[in-house]
Amino acid sequence: MTKNLRVKSSEYIDETNRISFKFNGKTYHGFKGDTLASALLANDVHLVGRSFKYHRPRGIMTSGSEEPNAIVQINPGTNRTEPNVRATEVEIYDGLEASSQNCWPSVEFDIGGINNILSPFFPAGFYYKTFMWPASFWKKYEFFIRHSAGLGKSPTSSDPDIYDHRNVHCDVLVVGAGISGIMAAKNAAKNNFKTLLVEEKNELGGSTIYENNEFNKIDNKAPSEWLKKEIEELKNIKNLEIKTRTSVAAYHQYNYLLARENLTDHLEAKDKTNKIRQRLLKIRAKKVILATGALERPLIFNNNDRPGIMLSSAVKKYSEFYGVACGSKNVFFTNNDSAYESALSLYNKGINVEALIDIREQSESKIVKKVKEAGIKVYWSHTIVDTVGYKRLNSISIMKLSNDGTSVTGSKISISCDCLGVAGGWTPAVHLYTQSGSKLKFDEEKKVFVPNQNTSEQISVGSCDGDFKIDEIIKNLNHKLKDALNIKETNLDNIKVEIDQENSKRNIWLLPSDKPIGKTKPFVDYQNDATAKDIKLALREGFRSIEHVKRYTTTGMGTDQGKLGNMHALGIIADTAGVKMGELGTTTFRPPYTPLTFGTIVGRNVGKFFDIFRRTPMNDWHVENKAEFENVGQWKRAWYYPINGETMHEAVQRESKAARESAGILDASTLGKIDIQGSDASEFLNRVYTNAWSKLAIGKCRYGLMLNEDGMVYDDGVTTRLGENHYIMTTTTGGAANVLGKLEDYLQTEWPELDVYLTSVTDHYATASLCGPNSKKILKKIIPDLDLSDENFPHMSFKESKIGNVQCRIMRISFTGEHSYEINVQASYGKDLWEKCIEAGKEFNITPYGTETMHLLRAEKGFIIIGQDTDGTMTPIDLQMDWIVSKKKYDFIGKRSLYRSDTMREDRKQLVGLLTDDPNIVLEEGAQIVSELNQSPVEMLGHVTSSYFSPNLKKSIALAVVRGGKDMMGKKLFVPMENKNINVTVANPVFYDEKNERLNA
Amino acid sequence: MFLINCPYCGERDQQEFKAGGEAHIERPKQPTELSDDEWAEYLFMRKNIKGVQFERWNHAHGCRKWFNMVRDTSNDEIKAIYKMGEKPPTQ
Ligand SMILES: [Zn+2]
């Protein structure tokens, strides 16, 4: 039977709306307004998980996003399941299911708990030291780690939810809606700044909204009451947009911030459907006001991690805000006044407070006196030396602290308790601030890092700037707002604040125990089970840099990034190493501040929107005719057209034969096309291609090779002269965008004096490539008026004509070695053109072929494919294409590099043909080539770049790059494979129709 | 994510731009006159300093114009932006 610890009705909890949910399979009840954590605590459930390394039982520690322990799996086993969610952030709804992570078989009985008993063998760096050796054991270690760690389970089916991205522009972005954020947003908006206020929780007001310390007053009202009125007024302010359940994950340079807006996570399953679950806001703000607040620190003492040990501020929030008592016998442990506020808050609600343990010698503030008047025992100058209770705290032992705070004296007192609220002071939440590139400084008096040097238009206000008292907050907020927004007056000018709070604090980073440190477990990072002992060990082993200590001990490397314990880690390092904290610096806080779902990151870019793809105008025909497709750049290209269940090999053999024996047709629309105009167009081509262009006659085509400035082949294609000052250049499919970019670069930056204009027209034209001995007859049928004689329309020339009423450009050029035509029409007529060719070609058994057959046909001719036979290290000379490099031209891109000593080496890798001794063996592309088999090590001479079985030659052919290959014609080489060695002979790379007779066939 | 003030279009998100390496390296007018070392100096050698650096940028997903930027690489502060062919600002 579980206890009900609901103590009083809270205005934030709707007790008329009872909600049923399951945790670890058991049904519980809470109310609308509860988080999973508050509802569990109301049911007296503290034990919610196990720690990562030692599998120690862990409870709910905080009430916010900094939670290190209460990490749960939401809706396990469903397609909406989500691991690593903080129970303190989950708003409950009917039907919610959650389960503990990090434990097997159950949180109550966990096999990994054995690690706790073995913990002397799991010191800092354990993983590095042990699992590194021997390497062959790594697989076993990995199995062990994965099974015992269990960082939650990812869903196994696809995410049913919709995610969204939105760009947001504002004058002022305010992050955090506590008292500072609200007042900042209000004043910004009232002064006509377009303002956005974001808050990670579902309610506004931060901790002030439940602040009922009777000694603090704003305008003679309790701060909570005063703030509620201010919040009420926000509704009527123009220019102000408020987004709750929205947490800023990242703060980049130039005030670019990413925030996640949570829209449906708090809704029942039936209300989630067809709604956007989470939206990533990409915010560009002119000014950013950080009001991110402060996080309470725990204290570091022996066994400070048991379920029931919580932050004092969390105990207070659960009681004030959620109306939940975290225990029946409560004790507080503190080094400052704030635990007294928590104690009084509980006391006022009739919740039993047993005692306060204060490491200070005394405090004289009114609130302390009030606690003493209430009859609550305060132990001054005492510290906790141990705690008892495995799955739930049941007692603590305390002893008197020595004057210097490094040891304990006197006799041990045991205090029975089931909840311990710990208050170690406040740490400004500067995570986003540092992400923006701004720099912190260490405040010696407050013992915290505070904002110091801003790099962008930003300010930090309130407790994230180190102001912890309401009077300081209001005063500093007022002048910071006036400065930042350049305004003369604010509604803070005449506010009267009364406050009773002493700043007195005794800071001891690691509290002593009566046991030697080696026998204690003072946890610094709860999620990763790093103790003060581990940090000291790291320092003993010689680590000094805070970043190294962090990695070695894994302190601060959990999903919570050690939000609670980072300052203690720094403090312990500083104390142990005898340096000042300010000198150590901090570790880097990296985005995201709290974890983001993958869905939020990718937004709408899923499924077919994951990566854009381009389709040619003929695409529908290819689909209807059952083509298989291949991705080339972003294009979907027809790869081959299998008939009657043919394999790719069978289809390609058939297509290749048909193209050479009668007629084939290829969709070449994807080739890059650049329209070049201007009075210097010829000169421009002279400079970008290796060969000469000035003398190319109008109506003629020429193949060109483009180099990089380093002399390496970059792209190739045929360019046609359409007019005196007008060319159309084709590029490779994949290189189109880069070639255009490169040409524009040279034009704009090196040769601005040239009168040349470039326009990409790739998408404007559809291209059908008609090839084979019957191609001429087919074209004649389509355009009867056009004179196709070799005299009128020879190879490498161009005609403008019409198919019916449709204008077309025809180039008689060939990438297959056959008589062939490339017919270009306006893209929208592409499919029509294609179908006309197919219709006209029927009597010649015209065969559509895809990219695979195109590759085979050109390989038979020894034509290179950029990016397949070249890899950015091949010069035209290496490719045995010396013929295309002009000796006469003074300069072109890459020319000088062809005469560098390195590019002129005779033993560079050069393109050659390879024939296998057994004509039926097809080499693997990428296979290595050697000249010796019985030598070890043996030099790799090169590799196979293209390899096919040629149906036209009835043998296997290959292209390869081989060191010094040019002079190896006829030489026997070897291609060693896993199971066999293949004998090959170096050959001329032109395997088919060496004399180019078929071009005019 | 920078906010870059394209001299032709105005302030745009960094996503629209492409970085193009060190600025003010002119392609030699007479490459054939250069020794291997001199050519290599032009071809391969680039500064990569922590501090103020002169860079080329291209508004690739916008007006496609190239321009120059002075950027402090230590904190990514953009100190100046000017068109191709214009003189770099003196510090
Ligand atoms: Zn632009």
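Please pick out the residue among A:242, A:209, A:237 that is in a helix (DSSP H, G or I) and of a type outside the set (D, E, K, R).
It is A:209.
Conditions tested, residue by residue: (1) part of a strand (DSSP E or B); (2) in the same structural domain as residue A:370 (by TED's automatic domain parsing); (3) without any contact (Cβ under 8 Å) to a residue 24 or more places away in the chain.
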| residue | (1), (2), (3) |
| --- | --- |
| A:483 | no, no, no |
| A:488 | no, no, yes |
| A:493 | no, no, yes |
| A:512 | no, no, no |
| A:521 | no, no, no |
| A:524 | yes, no, no |
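Write out, first by first residue and then by second, each pair whose Cβ atoms fall under 7 Å of each other, whose residues are 6+ apart or on separate chains, and whose first residue, in region A:362-389, is over 19 Å from residue A:299 (Cα atoms) while the second is surrounded by fewer than 16 Cβ atoms within 10 Å (Cβ to Cβ) and of a type in the set (Phe, Trp, Tyr).
A:366/A:215; A:367/A:215
Going by the structure shown, is residue B:60 among the small types (Gly, Ala, Ser), within 16 Å of the ligand (Cβ to nearest atom) and over 13 Å from the mean Cα position of the chain (by Cα)? Quick ask: steps written out before the conclusion?
Working: among the small types (Gly, Ala, Ser): yes; within 16 Å of the ligand (Cβ to nearest atom): yes; over 13 Å from the mean Cα position of the chain (by Cα): yes.
So residue B:60 passes the test.
Pairs needed: first member in region A:893-911, within 17 Å of residue A:691 (Cβ to Cβ); second member anywhere, at pLDDT 95 or above and among the charged types (D, E, K, R); C-beta distance under 8 Å; at least 6 residues apart or different chains.
What qualifies is A:893/A:687; A:893/A:709; A:894/A:709; A:894/A:710; A:897/A:709; A:897/A:710.
For region B:63-81, enumerate the residues that are more than 11 Å from the ligand (Cβ to nearest atom) and of a type outside the set (Val, Ile, Thr).
B:68, B:69, B:71, B:72, B:74, B:75, B:76, B:77, B:79, B:80
Of all the strands (runs of 3 or more DSSP E) wholly in region A:920-1001, which have at least 2 residues that are within 47 Å of the chain's Cα centre (by Cα) and under 19 Å from residue A:659 (Cα atoms)?
Fully inside region A:920-1001 and qualifying: A:942-950, A:955-963.
In contact (Cβ under 8 Å) with a residue 24 or more places away in the chain, in a strand (DSSP E or B) and either within 14 Å of chain B (Cβ to nearest Cβ) or not small (Gly, Ala, Ser) (or both) - does that describe any residue in region A:457-472?
Scanning region A:457-472, I find at least one residue that is in contact (Cβ under 8 Å) with a residue 24 or more places away in the chain, in a strand (DSSP E or B) and either within 14 Å of chain B (Cβ to nearest Cβ) or not small (Gly, Ala, Ser) (or both), so the answer is yes.
Here is a list of conditions, (1) within 40 Å of the chain's Cα centre (by Cα); (2) assigned to a loop (DSSP other than H, G, I, E, B), and residue A:315 meets all of them except one; can you say which number that is?
Result: residue A:315 passes all but (2).
Out of all the residues in region A:735-756, which are under 15 Å from residue A:675 (Cα atoms), surrounded by fewer than 18 Cβ atoms within 10 Å (Cβ to Cβ) and aliphatic (A, V, I, L, M)?
Once the filter is applied, which keeps residues that are under 15 Å from residue A:675 (Cα atoms), surrounded by fewer than 18 Cβ atoms within 10 Å (Cβ to Cβ) and aliphatic (A, V, I, L, M), region A:735-756 yields only A:737.
For every residue, the table says whether it meets (1) surrounded by fewer than 24 Cβ atoms within 10 Å (Cβ to Cβ); (2) within 32 Å of the chain's Cα centre (by Cα); (3) among the charged types (D, E, K, R).
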site: A:175; (1), (2), (3): no, yes, no
site: A:183; (1), (2), (3): no, no, no
site: A:192; (1), (2), (3): yes, no, no
site: A:195; (1), (2), (3): no, yes, no
site: A:203; (1), (2), (3): yes, yes, yes
site: A:220; (1), (2), (3): yes, no, no
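If you take the residues of region A:866-894 that are facing another protein chain (nearest Cβ under 10 Å) and surrounded by 20 or more Cβ atoms within 10 Å (Cβ to Cβ), which of them is farthest from residue A:632 (Cα to Cα)?
The initial filter retains those residues of region A:866-894 that are facing another protein chain (nearest Cβ under 10 Å), namely A:890-894.
Pick out the ones that are also surrounded by 20 or more Cβ atoms within 10 Å (Cβ to Cβ) and you get A:892-894.
Details: A:892: 29, A:893: 27, A:894: 27 Å.
Taking the candidates together, the pick is A:892.
Just one of the numbered conditions (1) surrounded by fewer than 20 Cβ atoms within 10 Å (Cβ to Cβ); (2) out of contact with any Asp or Glu (no Cβ under 6 Å at 6 or more places or on another chain) is not true of residue A:365; which one?
Residue A:365 satisfies all of (1) surrounded by fewer than 20 Cβ atoms within 10 Å (Cβ to Cβ); (2) out of contact with any Asp or Glu (no Cβ under 6 Å at 6 or more places or on another chain) except (2).
Specify the residue that is farthest from residue B:76 (Cα to Cα); the eligible residues are those in region B:1-42 that are within 16 Å of the ligand (Cβ to nearest atom) and among the hydrophobic types (A, V, I, L, M, F, W, C). Lay out the reasoning, then the answer.
Let us first name the residues in region B:1-42 that are within 16 Å of the ligand (Cβ to nearest atom), namely B:2-20.
Subset that is among the hydrophobic types (A, V, I, L, M, F, W, C): B:2-4, B:6, B:9, B:17, B:19.
Values: B:2: 8, B:3: 11, B:4: 11, B:6: 16, B:9: 21, B:17: 15, B:19: 13 Å.
Across region B:1-42, the extreme among qualifying residues is B:9.
Which pairs turn up if I take residues in region A:583-606 that are acidic (Asp, Glu) and look for partners that are crowded, with 18+ Cβ neighbours inside 10 Å with beta carbon separation below 9 Å, at least 6 apart in sequence or on another chain?
A:583/A:442; A:583/A:574
Which one is surrounded by the most Cβ atoms within 10 Å (Cβ to Cβ), of the residues in region A:256-271 that are within 14 Å of chain B (Cβ to nearest Cβ) and over 21 Å from residue A:183 (Cβ atoms)?
Top of the filtered list is A:258.
Okay, residues lined up against (1) out of contact with any strand residue (DSSP E or B) (no Cβ under 7 Å at 6 or more places or on another chain); (2) over 23 Å from residue A:715 (Cβ atoms); (3) surrounded by 15 or more Cβ atoms within 10 Å (Cβ to Cβ):
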{"position": "A:626", "(1), (2), (3)": "yes, yes, no"}
{"position": "A:645", "(1), (2), (3)": "yes, yes, no"}
{"position": "A:659", "(1), (2), (3)": "no, yes, yes"}
{"position": "A:662", "(1), (2), (3)": "yes, yes, yes"}
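I'd like to know if region A:225-243 contains one or more residues that are aliphatic (A, V, I, L, M) and without any contact (Cβ under 8 Å) to a residue 40 or more places away in the chain.
No, every residue in region A:225-243 fails to be aliphatic (A, V, I, L, M) and without any contact (Cβ under 8 Å) to a residue 40 or more places away in the chain.
Each row is one residue, and each column tells you yes or no for (1) part of a strand (DSSP E or B); (2) among the hydrophobic types (A, V, I, L, M, F, W, C); (3) modelled with pLDDT of 95 or more.
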position: A:333; (1), (2), (3): yes, yes, yes
position: A:341; (1), (2), (3): no, no, no
position: A:345; (1), (2), (3): no, no, no
position: A:354; (1), (2), (3): yes, no, yes
position: A:369; (1), (2), (3): no, no, no
position: A:383; (1), (2), (3): yes, no, yes
position: A:386; (1), (2), (3): yes, no, yes
position: A:390; (1), (2), (3): no, no, no
position: A:397; (1), (2), (3): yes, no, yes
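At negative phi, within 15 Å of the chain's Cα centre (by Cα), within 16 Å of the ligand (Cβ to nearest atom) and of a type in the set (A, V, I, L, M): which single residue out of B:84, B:45 fits that description?
B:84
The values are calculated or read from the model by the stated rules, or taken from the named source; none is laboratory data. Values in this document were obtained by computation on a predicted structure and should not be read as measured data. So basically every Cβ, Gly included, is an ideal-geometry build from the backbone, and we count neighbours across all protein chains shown.
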